[in-house]
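> To start, I am sharing the structure in question, which I have written as structure tokens.
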Amino acid sequence: RMARQPRARARGCRAILNVAPAAAVPEAALRDLDLLVVNEHEALAIAGGLGFDTSSPKAAAKALSGRLALTCVVTLGGEGAIAVGPDADFAVPALPIQPVDTTGAGDTFTGVLAAGLDAGLPLDQALRRASTGAALACLALGAQESMPTAAAIDAALPRLGPITAIG
């Protein structure tokens with residue numbers, strides 16, 4: 001029997017899934033992904049549901065990435081995010097802010113990340129934009145209303161600290 005090729009990859013697309021809120025996702029579906037975006041609680045829930053290491057969000061990300069051949073991005077709120085995958089093993093800081101409302105942060109993060117990748121940015125640079133955008137979304141009330149413009153993200157990017165390697 002011929003191996004199944006995901007439809008997105010067959011068409012030259014990247015498959016990204018943001019599991020929010022945490023839910024059971026069939027392992028076969030996860031294997032079809034290029035990028036899994038989750039918060040720390042979702043990472044632990046998905047990894048645990050598959051019997052993977054749940055000793056920390058980083059361990060869960062490493063297990064998900066290694067066993068499913070995908071890049072796992074775990075958002076960590078005010079601590080930024082980590083990316084673990086075949087071509088990624090780094091942390092992106094969070095923009096230092098005093099949050100007003102975090103309702104739209106996750107959606108903003110994922111949307112800005114996807115837009116950056118679609119524009120051809122490498123993962124690390126797309127994640128810098130996503131982290132900055134998510135922080136800016138926390139400065140106003142609401143979800144959709146708080147999402148920053150590309151110009152606002154560009155203006156704030158210089159205030160974001162450097163990407164660091166994780167081990």
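The values are calculated or read from the model by the stated rules, or taken from the named source; none is laboratory data. Just so you know, these numbers come straight off a predicted model, no measurement behind them. Neighbour counts run over all protein chains shown; Cβ positions are idealised from the backbone, glycine included. Side chains included, ligands, DNA and RNA excluded: accessible areas come from the protein's heavy atoms. Shrake-Rupley method; radii C 1.70, N 1.55, O 1.52, S 1.80 Å.
> Would you mind putting 7-16, 141-150, 88-97 in packing order, based on average other-beta-carbon counts within 10 Å, highest first? List each step's numbers first, then the result.
Values: 7-16: 11.9, 141-150: 14.2, 88-97: 18.5.
Highest-to-lowest ranking by the protection proxy: 88-97, 141-150, 7-16.
> With every protein chain kept in place and ligands, DNA and RNA left out, what is the accessible area per residue of the chain? Probe 1.4 Å, answer in Å². Before the final figure, lay out each step's value.
Working: 8650 Å² over 167 residues.
Normalised by residue count, the accessible surface of the chain is 52 Å².
> When only Cα pairs under 8 Å and 6 or more residues apart are kept, what is the percent relative contact order across the chain?
Details: 297 pairs, mean separation 27.2, N = 167.
Reported as a whole number, the value is 16 percent.
> Here is a further query. Quick one: putting +1 on the C-beta of Lys and Arg, -1 on the C-beta of Asp and Glu, what dipole do you get for the stretch 49-151 around its Cα centre, in Debye to the nearest 20?
Working: 5 positive and 9 negative charges, 37 e Å.
It comes to approximately 180 debye.
> For the stretch 59-66, take each phi angle, set θ = phi - 60°, evaluate the Karplus expression 6.51 cos²θ - 1.76 cosθ + 1.60, and give the result in whole Hz per residue in order, putting x for glycine and proline.
With coefficients 6.51, -1.76 and 1.60, one gets 5, 4, 4, 5, 5, 4, 5, x Hz.
> When the chain is fully extended, how far beyond the present Cα-Cα distance does L139 get from A155, taking 0.36 nm per residue of separation? Write down the numbers at each step before the final one.
Numbers: separation 16, 0.36 × 16 = 5.76 nm, distance 1.48 nm.
Taking L139 through A155 to full extension adds about 4.3 nm, to one decimal.
> With a 1.4 Å probe and every protein chain kept in, tell me what percent of the accessible surface of the stretch 1-111 is carbon plus sulfur. Show your work: numbers first, answer last.
Working: 3040 of 5880 Å².
Roughly 52 percent, rounded to a whole number.
> Quick one: work out the % antiparallel among DSSP beta bridges in the chain, nearest 5.
Values: 11 of 19 bridges.
For the chain, the DSSP antiparallel bridge percentage is about 60.
> Using amide H atoms built in the peptide plane, which far-off residues or other-chain residues are under 5 Å from I166 H to H?
Under 5 Å from the amide H of I166: F90, A91.
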